[in-house]
Amino acid sequence: MFTAKWKKNARHLAKGARKFLHYKRDLLKPDRIDEIEARRADLLAAVKAGDRAKTDEASKQLRAVCENALPREKPTGWLEENVEVMFVAIVIALGLRAYYLQPFRIPTGSMQPTLNGIIGNPLPKAEWPSFPVRAAEYVLRGRRYVHVVNDQDRTVAFDGRGNAVYDMQHMHFFSRSALNFHDSAPMRLPAPGGPMKETGLLDALRDARNNGGRLPAGTVLAEGTIDSGDLVLVNKFAYHFRRPDRGEVFVFDTRGIRGIHERSDGEQGGGSHYIKRLVGVPGDTLAIQPPHLLIDGKLPSEPEILRIAGAEGKYSLNPEGFTPADPRELTIRTHLRHYLGDTDATLTLRGDDAPPGLREYAALGDNTGNSLDTRYWGPVSEFNLLGPAAFSLWPVTTGHWGFIR
């Protein structure tokens with residue numbers, strides 16, 4: 001506080017010269033390194049002696065030797081500096097994504113009303129609002145207006161199960177789909193197959209199937225709105241320090257969960273992720289007695305699970321609460337099984353006696369009437385867990401923005 005300004009400046013210069021040596025040592029010749037260190041020592045000695053004149057002279061000599069140490073080095077331009085800053089920012093962002101927070105887009109409606117998936121609604125183009133309104137809706141609520149028309153005569157390629165639309169990932173982040181044809185390349189669609197069918201694609205495919213697969217030019221495949229699924233941040237760090245809690249929303253990958261991939265029909269990749277409500281922890285025995293989910297024969301104490309069972313407030317979306325798996329699925333997929341397919345079925349999750357990474361958890365969707373979950377494909381192993389869903393980041397006008405419960 002009471003040190004003379006000229007002494008402070010001299011010491012800052014000596015400190016800067018030391019940094020210069022550390023950063024440029026691999027480019028400096030040995031004689032230049034020795035000269036800089038000698039001039040720096042002279043400066044510090046003059047400051048210590050309290051001789052201002054010698055300090056000023058030593059400062060000039062130190063600056064000169066540093067400035068001339070690399071005469072051929074080109075000064076860093078604005079472009080190089082900005083590229084370096086962007087590169088560092090990208091590295092930091094990737095590090096956060098890999099080890100702490102990862103964004104995850106809700107693809108389906110299985111977690112409504114807690115979180116929204118990608119939703120399609122038909123709307124004739126004549127009723128679309130003006131462009132400024134559409135732009136504002138996209139920014140605030142993630143709503144896109146789609147109008148897809150078949151531009152040439154094609155023949156739809158239905159598979160053995162009557163499917164022709166397959167979900168895919170675009171740029172490893174955006175959910176899209178493709179419509180397959182026998183006589184042309186697949187047509188990429190701007191949303192997953194489910195929402196596209198909700199905006200008219202289902203009717204177009206039904207007409208094509210009745211017409212031997214023929215899809216005439218000019219057929220409107222989709223016309224309406226696509227509301228983006230909620231973008232949530234997943235805390236990948238949490239489960240390194242605590243065990244998952246019953247009742248929280250969590251994300252897991254689908255590796256090794258055979259029942260999921262058997263139901264995928266080619267649409268669900270092995271590296272994909274699911275988001276559900278964690279309703280069972282290792283050692284629990286689960287059963288469903290509508291409208292309740294029972295844990296070890298008793299009602300759970302977690303309020304999030306009880307609200308779903310009681311169809312409270314916004315959870316009245318499913319007035320029946322928890323129900324067993326829909327038996328009609330097995331009339332279509334006869335080779336599959338249900339884990340909680342009726343009121344007599346129970347599912348016991350492997351506990352602490354399981355090998356490391358193989359303790360089991362149960363996952364159900366809040367929208368239980370429209371969710372493929374543990375009732376259908378069984379438990380989730382510990383090694384599949386990614387982390388709890390922490391924060392709904394976007395859109396901001398759906399009522400879901402903020403911390404997730």
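Structure notes:
- Residues being assigned to a helix (DSSP H, G or I) and within 26 Å of Asp296 (Cβ to Cβ) - total across region 355-405: 9
- Out of Asp326, Asp352, sole residue that is of a type in the set (D, E, K, R), in a loop (DSSP other than H, G, I, E, B), touching a residue at least 12 places away in the same chain (Cβ under 8 Å) and outside the structural domain of Ala136 (by TED's automatic domain parsing): Asp352
- The set of residues from region 96-136 being farther than 18 Å from Leu278 by Cβ, at pLDDT below 85 and either in a helix (DSSP H, G or I) or touching a helix residue (DSSP H, G or I) at 6+ places or on another chain (Cβ under 9 Å) (or both) comprises Leu96, Arg97, Ala98, Tyr99, Pro103, Pro107, Gly109.
- For region 365-383, the candidate set comprises residues that are within 20 Å of the chain's Cα centre (by Cα) and either not assigned by TED's automatic domain parsing to the domain that holds Gly283 or not small (Gly, Ala, Ser) (or both); within that set, the residue that is modelled with the lowest pLDDT is Leu372.
- Within region 202-260, being at positive phi and at pLDDT 90 or above holds for Gly212, Gly213, Gly218, Gly224, Gly247.
- Residue check for Gly224: touching an Asp or Glu at 6+ places or on another chain (Cβ under 7 Å), crowded, with 18+ Cβ neighbours inside 10 Å and over 15 Å from Phe158 (Cα atoms): no
- Any hit, region 339-352, residues being surrounded by 13 or more Cβ atoms within 10 Å (Cβ to Cβ), modelled with pLDDT under 95 and in contact with an Asp or Glu (Cβ under 8 Å, 6 or more places away or on another chain): no
- When region 40-49 is filtered for residues that are within 11 Å of Gln61 (Cβ to Cβ) and surrounded by fewer than 20 Cβ atoms within 10 Å (Cβ to Cβ), only Asp42 remains.
- Test: residue in region 260-271 that is among the polar types (S, T, N, Q), out of contact with any Phe, Trp or Tyr (no Cβ under 8 Å at 6 or more places or on another chain), under 30 Å from Thr323 (Cα atoms) and part of a strand (DSSP E or B): no
- The set of residues in region 368-383 that are surrounded by fewer than 21 Cβ atoms within 10 Å (Cβ to Cβ) and of a type in the set (S, T, N, Q) comprises Asn370, Ser381.
- Yes/no for Asn211 being loosely packed, with under 15 Cβ neighbours inside 10 Å and either assigned by TED's automatic domain parsing to the domain that holds Glu137 or not hydroxyl-bearing (Ser, Thr, Tyr) (or both): yes
- Top-ranked residue of region 305-323 - restricted to ones that are within 28 Å of the chain's Cα centre (by Cα) and either part of a loop (DSSP other than H, G, I, E, B) or outside the structural domain of Arg243 (by TED's automatic domain parsing) (or both), ranked as surrounded by the fewest Cβ atoms within 10 Å (Cβ to Cβ): Asn318
The values are calculated or read from the model by the stated rules, or taken from the named source; none is laboratory data. This is a predicted model, so every value here is computed, not measured. Note that we place each Cβ from the backbone using ideal geometry, even for glycine, and neighbour counts take in every protein chain shown.
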